[in-house]
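Scroll down for the structure; my scribbles are underneath it.
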Amino acid sequence: MASPQCCANPPALNPAAGEGKVVDSFGGIKAYVAGAKESKAAVVLISDVYGFEAPNLRKIADKVASSGYFVVVPDFLHGDPFVPEDADRPIAVWIKEHTPGKTFEEAKPVIAALKEQGASSVGAAGYCWGAKVVAELAKANEIQAAVMSHPSFVTVNDIEEVKCPIAILGAETDVMSPPELVKKFEQVLSSNSGIAHFVKIFPGVSHGWTVRYKSEDAAAVKSAEEALADMIDWFNKNLK
């Protein structure tokens, strides 16, 4: 079950954030896109429970795009991000309407659209809730590389079934994926010699840190930038 930590530090959503643009339909879903359409390598970013209008998430998309990727951030929440102030829809209720399994099915046409556009390799990165969707894509061989940041709901069984290179970026303080669980993920991946992997636990940070940091917190920004650099490095190794 989702914990309060899952929803801590909610972002101030901004539909106009980012240097890219919002398109009404990419693979059938409204999306923020950034980067050169003709790029042969593409990345799908899958948000946390706060959705695709989070300014930090769009900043990440722009940075990944500037490294030579066409980036898509689909609105998999369909304009219905989690609202902490809504007492009638706590996270346990909200999540029933936004299951990672349903989003996994919606992600397939997005990946197909990227291939149709000319991408020869597609990676996916997910944050918190979105990491579970990435796990499903990695298990189904839908993508060529995966990155999970502070995953929620991801199990050892999921990791055992991963079929593509995967990076897992964990937090020292994380109820959803505590360091002990992330270390188990690493053990599973190490015993599966066919799957390239990179696992790192970041000290002094909490669940959500890569995307829900405060820009005035220098230490938090530094950790988030380090995680972003690790993610881009992983995609450069496995998608180009």
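Filter the DSSP H helices in the chain by two things, a Kyte-Doolittle mean of at least -1.0 and an axial alpha-carbon span of 27 angstrom or more, and list the hits by number.
Details: long enough: 218-239 (31 Å, 0.06).
Passing helices, by number: 218-239.
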**Asked** How many nm is it between the label spots at LYS40 and GLU180, if each spot is 7 Å from the Cα in line with the beta carbon?
**Response** 4.7
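Where the eigenvalues come from the Cα gyration tensor of region 1-141, what are the semi-axes √(5λ) of the equivalent ellipsoid, largest first, in whole Å? Walk me through the intermediate numbers first.
On the way: eigenvalues 125, 56, 30 Å².
Working through the eigenvalues yields semi-axes of 25, 17, 12 Å.
Charges at C-beta only: +1 for Lys and Arg, -1 for Asp and Glu. How large is the resulting dipole of region 43-158 about its Cα centre, in Debye rounded to 20? Walk me through the numbers on the way to the answer.
Values: 10 positive and 15 negative charges, 81 e Å.
About 400 debye.
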**Message:** Once you keep just the Cα pairs under 8 angstrom separated by 6 or more residues, what percentage relative contact order results for the chain?
**Reply:** 18
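Rounded to two decimals, what is the ratio between the C-alpha radius of gyration of region 109-194 and 2.2 N^0.38 Å? Please report the intermediate quantities before stating the final value.
Details: Rg = 13.1 Å, N = 86, 2.2 N^0.38 = 12.0 Å.
So the Cα radius of gyration is 1.09 times the expected 2.2 N^0.38 Å.
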**Item:** Which label in [x] 16.7; [y] 14.1; [z] 11.5 gives the computed mean projected area of the Cα convex hull in nm²
**Value:** [z]
**For VAL199, residues with placed amide H under 5 Å, excluding near neighbours** = ILE168
**Asked** Under 5 Å between amide H atoms, partner at least 5 residues away or on a different chain: which partners does VAL205 have, H built in plane at 1.01 Å?
**Response** GLU172, THR173
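Given a Förster radius of 22 Å and the C-beta distance between LYS200 and ASN236 as r, what FRET efficiency does 1/(1 + (r/R0)^6) yield to the nearest 0.05?
Working: r = 16 Å, r/R0 = 0.74.
The value I calculate is 0.85.
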**Item:** Efficiency of FRET from Cβ geometry, LYS21 and VAL83, R₀ 35 Å, rounded to 0.05
**Value:** 0.85
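Using 0.36 nm per residue, how much length does the chain from LYS214 to LYS115 gain when fully extended, once their Cα-Cα distance is taken away? Spell out each step's value before the answer.
Numbers: separation 99, 0.36 × 99 = 35.64 nm, distance 3.54 nm.
Additional length available on full extension: 32.1 nm.
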**Asked** In whole Å, what is the distance between the alpha-carbon centres of region 213-228 and region 59-119?
**Response** 22
**Asked** Hey, which lysines would be in cross-link range of LYS222, C-alpha to C-alpha under 21 Å, not counting anything within fewer than 8 residues on its own chain?
**Response** LYS59, LYS63, LYS200, LYS214
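Solvent-accessible area per residue for the chain at a 1.4 Å probe radius, Å²? Before the final figure, lay out each step's value.
Values: 9980 Å² over 240 residues.
On a per-residue basis, 42 Å².
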**Request:** For PHE26, enumerate residues with amide H under 5 Å from its amide H, sequence gap 5+ or separate chain, H modeled in the peptide plane.
**Result:** ALA31
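The values are calculated or read from the model by the stated rules, or taken from the named source; none is laboratory data. Source: prediction; values computed, not measured. We place every Cβ from the backbone using ideal geometry, glycine too, and count neighbours over all the protein chains shown. Heavy atoms of the whole protein, side chains included, go into the accessibility calculation; ligands, DNA and RNA do not. Shrake-Rupley method; radii C 1.70, N 1.55, O 1.52, S 1.80 Å.
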